[in-house]
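To start, the structure itself, in C-alpha cells.
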Amino acid sequence: MKKLLNKFLEYLTHQKNYSYHTLKSYREDIEQFIDFLKKKKISSFEKVDYYTFLEFLSFLKNENYSETTISRKVASIKSFFKFLTGRNFINSNPALLISSPKTPERLPEFLSVEEVEKILNIPAGKNWTSLRDKAILELLYSTGIRVGELVSLEIRDINFIEEIIKVRGKGKKERIVPVGKPALNALIDYIEKRPNKKEKKLFLNKYGKPLTERSVERIIEKYRKISGIDKKITPHTFRHSFATHMLDRGADLRTVQELLGHERITTTQIYTHLTVEKLKEFYNKTHPRAH
C-alpha cells in the first residue's frame with residue numbers, strides 16, 4: 001500500500017506540480033488511513049469498501065479532529081482512490097460514495113492598508129538582503145502571487161518595460177500579472193546588488209542559492225515581530241490582503257480571479273464576504289434608518 005502511495009505522490013509532484021506543504025499533507029492523511037486499515041486487518045485497497053470509510057470517519061470524530069481537518073483528510077483520500085482507479089490499481093472506487101463533512105466558512109485573515117504599509121516600510125537597509133526582503137514584501141502585496149510562485153520566479157520573468165511578470169501557477173499553468181511601480185523599483189534595487197549573477201532564480205538566500213518557501217515565511221515573521229502587529233501573518237496573508245483591497249476599491253471579481261490564478265470564481269468569491277461586511281459596517285454607521 002505504501003508503494004501505491006509513493007506512486008500517487010510522484011504523480012502529484014510531477015504532473016500536478018504541488019508544493020512541498022501540500023504533498024506533506026497528502027502523505028500524512030493517507031498514511032494515517034493506511035495505519036487504520038492495518039489495525040482493521042485490511043491488507044489491500046481492493047478490500048476497502050464504503051463501510052470502511054464510515055468507520056474511519058467515526059474514528060476521526062472520536063479523536064476530536066475538527067470538521068475542517070476531517071474534510072481535508074477525506075478530500076486527500078478521495079483524490080488518492082480516484083488515482084488508484086484511474087491507473088487501474090483497483091477495479092472500483094468506494095470513495096465516490098463518501099461526502100465530506102460541511103465545514104464552517106472561514107474568512108481569510110488579511111491586513112489593513114495601514115498595516116501593509118507599516119510592514120513594507122520596515123526593510124530600509126542598503127545591503128542586498130534588506131533590498132531582497134523589501135522586494136519580496138512589495139511583490140507579494142503588489143501581485144497577490146502565492147509563495148510557491150514567488151520562489152519559482154526567474155529574472156527573465158520580470159518585464160520592467162511592460163510592468164508585468166510571468167507567473168507559473170498550480171499545474172504549471174502560466175499567467176501574466178501586472179506589477180506596481182514600488183515593487184518594480186524595489187526589484188531593480190535588489191537585482192543590481194544580488195550575488196551570484198549566474199543564478200536564474202530571482203530570489204536568493206545568503207549563500208547565493210534559490211530561496212525556499214520556508215525562508216520567505218521566516219522573513220515575513222521577522223518583519224511582523226518588528227512591526228508589532230499582533231496577528232498571524234504569512235505569505236498567503238499578503239495574497240488575501242491584495243484580493244480584499246482590490247475588491248474594496250471596486251475591482252471586478254473576474255479580474256481578481258484572473259490575477260490570483262483561481263480556476264473557479266467560487267474560490268475568489270470568499271473575498272466578497274469581506275467587502276460585504278465592510279459595506280454593512282459603513283451602512284450601519286451612516287444610514288439614518290439603519291437601526
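What follows draws every value from the coordinates through simple rules; no lab data is involved. Note that the structure is a prediction, hence the values are computed from the model and not measured. Here the Cβ positions follow ideal geometry from the backbone for every residue, glycine too, while neighbour counts run over all protein chains shown.
What the table shows:
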| item | result |
| --- | --- |
| Highest to lowest packing among 51-57, 11-17, scored as the average C-beta count within 10 Å | 51-57, 11-17 |
| For the range 2-97, with +1 on Lys and Arg beta carbons and -1 on Asp and Glu, the positive-most of 69, 95, 57 along the dipole | 95 |
| Long-range amide H partners of residue 164 with built H, under 5 Å | 159, 179 |
| Whole-Å distance, taken between Cα centres, linking the range 5-32 and the range 169-198 | 28 Å |
| Total charge dipole magnitude, the range 56-201, about the Cα centre, Cβ charges on Lys, Arg, Asp, Glu only, Debye to nearest 20 | 800 debye |
| Residue order, fewest to most beta carbons within 10 Å, for 252, 133, 230, 157 | 230, 252, 157, 133 |
| Charge dipole magnitude, Cβ of K and R +1, D and E -1 - the chain, Cα centre, debye nearest 20 | 860 debye |
| Candidate values (1) 45; (2) 25; (3) 57, label of the one derived for percent of Cα pairs over 30 Å apart | (1) |
| Karplus-derived HN-Hα couplings along the range 200-209 (A = 6.51, B = -1.76, C = 1.60, θ = phi - 60°), whole Hz, x at Gly and Pro | 6, 5, 6, 9, 10, 8, 5, 9, x, 9 |
| Charge context of residue 48, other residues only, Cβ under 13 angstrom, K/R +1, D/E -1 | +2 |
| Inter-site label distance for residue 59 and residue 117 at 7 Å from Cα along Cβ, in nm | 5.4 nm |
| Ranking of 240, 21 by count of other Cβ atoms within 10 Å, fewest first | 21, 240 |
| Residue-span extension gain [residue 198 to residue 25] - 0.36 nm each, minus C-alpha spacing | 58.8 nm |
| Overall form of the range 2-97 per C-alpha gyration tensor (a/c, 1.5; a/b vs b/c) | oblate |
| Summed residue charge, Cβ within 15 Å of residue 257's Cβ, Lys/Arg positive, Asp/Glu negative | +4 |
| 5 angstrom amide H check on residue 154, placed H, neighbours 5+ away | 202 |
| Whole-Hz ³J(HN,Hα) from phi, Karplus 6.51 cos²θ - 1.76 cosθ + 1.60, for the range 154-168, glycine and proline x | 10, 4, 5, 7, 9, 10, 6, 6, 7, 6, 9, 10, 9, 10, 9 |
| Phi to ³J(HN,Hα) by Karplus 6.51 cos²θ - 1.76 cosθ + 1.60 over the range 126-140, Hz, x for Gly, Pro | 9, 6, 5, 6, 5, 5, 5, 4, 4, 5, 4, 4, 4, 5, 4 |
| Surrounding net charge for residue 174, when Lys and Arg each add one and Asp and Glu each subtract one, Cβ distance under 13 Å | +3 |
| Dipole magnitude (debye, nearest 20) for the range 180-246, charges at Cβ of Lys, Arg, Asp, Glu | 240 debye |
| Which of 149, 115 has the fewest Cβ neighbours within 10 Å, and the rest in rising order | 115, 149 |
